[in-house]
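S.K.: Here it is: the structure, laid out below.
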Amino acid sequence: MTGILKLCWIFLKVGLLFFGGGYVLIPLLHRIMVDQMHWLTLKEFLDGVALSQLTPGPLAMLATFVGFQRGSFLGALAGTVCVFLPCTSLMLFLTSRYERFRRIDAFNDFLDGILPAVVGLIFAAGYTLSKSSLTSLRDLILLSLGFLVLQFTAIAPMAVILGAALTGLIFHFS
């Protein structure tokens, strides 16, 4: 399978699992992109996750990043289209039938059953990222401050991300 076709196939499969938001995909994307395919180093993966937080649809933009790394503009376009195609198609199908589905107890039970698994996947994503990115006391302090600010103030997440980036720059140049 050629590079672009393989990229498309992988992101179509990832797009099919895109349930519960992008954060639940971090462990899966890490396993595929870093461990199995060796398309990215761990640092490149973490950089891609960090950069994707500055864009709409954060983790899906990681597909654009990986696609660009693997196949320049065409790879970026293919990765982006393929990761969005399954979930967009599914959402178009479901939203046109939502009124019928929401009255079906099995559908509601399905959604209730998936919720704890999605929370578990988000915790797994946090664990995967923390293993390699929390390497110093400064990192733990920034993590704690970011958590506290987001939980107990109305400050926007983007402000916290930019503040952490500024702190990283200050530490780098001092």
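S.K.: For Lys43, list the lysines whose Cα falls under 21 Å from its own Cα; do not include residues on the same chain fewer than 8 positions away.
M.R.: Lys131
S.K.: For an R0 of 41 angstrom, estimate the FRET efficiency from the Cβ-Cβ distance between Ser133 and Phe101 and round to the nearest 0.05.
M.R.: The value I calculate is 0.55.
S.K.: Just to be sure I understand, if you calculate Rg and Dmax of the Cα atoms in Å for this structure, which of [x] 15.6, 46; [y] 18.2, 60; [z] 15.3, 52 do you get?
M.R.: [y]
S.K.: What relative contact order, as a whole-number percentage, does the chain give when Cα pairs under 8 Å and 6 or more residues apart are counted?
M.R.: The value is 24 percent.
S.K.: What is the local net charge at Lys6, summed over the other residues whose Cβ is closer than 15 Å to its Cβ (Lys, Arg +1; Asp, Glu -1)?
M.R.: With Lys, Arg at +1 and Asp, Glu at -1, the neighbours total +2.
S.K.: May I ask for the Kirkwood hydrodynamic radius of segment 122-174, worked out over all distinct Cα pairs and given in angstroms to one decimal?
M.R.: 12.0 Å
S.K.: Follow-up. Quickly estimate the mean residue ellipticity at 222 nm for the chain, helices only: each DSSP H run with n ≥ 4 gives -39500 (n - 2.57), and the total goes over all residues, rounded to 500.
M.R.: Numbers: 8 runs with 133 residues, N = 174.
The helix-only estimate for the chain comes to -25500 deg cm²/dmol at 222 nm.
Every number in this text was worked out from the coordinates using simple rules, so none of it is lab data. Since this is a predicted model, take the numbers as computed values, not measurements. All Cβ positions, even for glycine, are placed from backbone atoms using ideal geometry, and neighbour counts span all protein chains on display.
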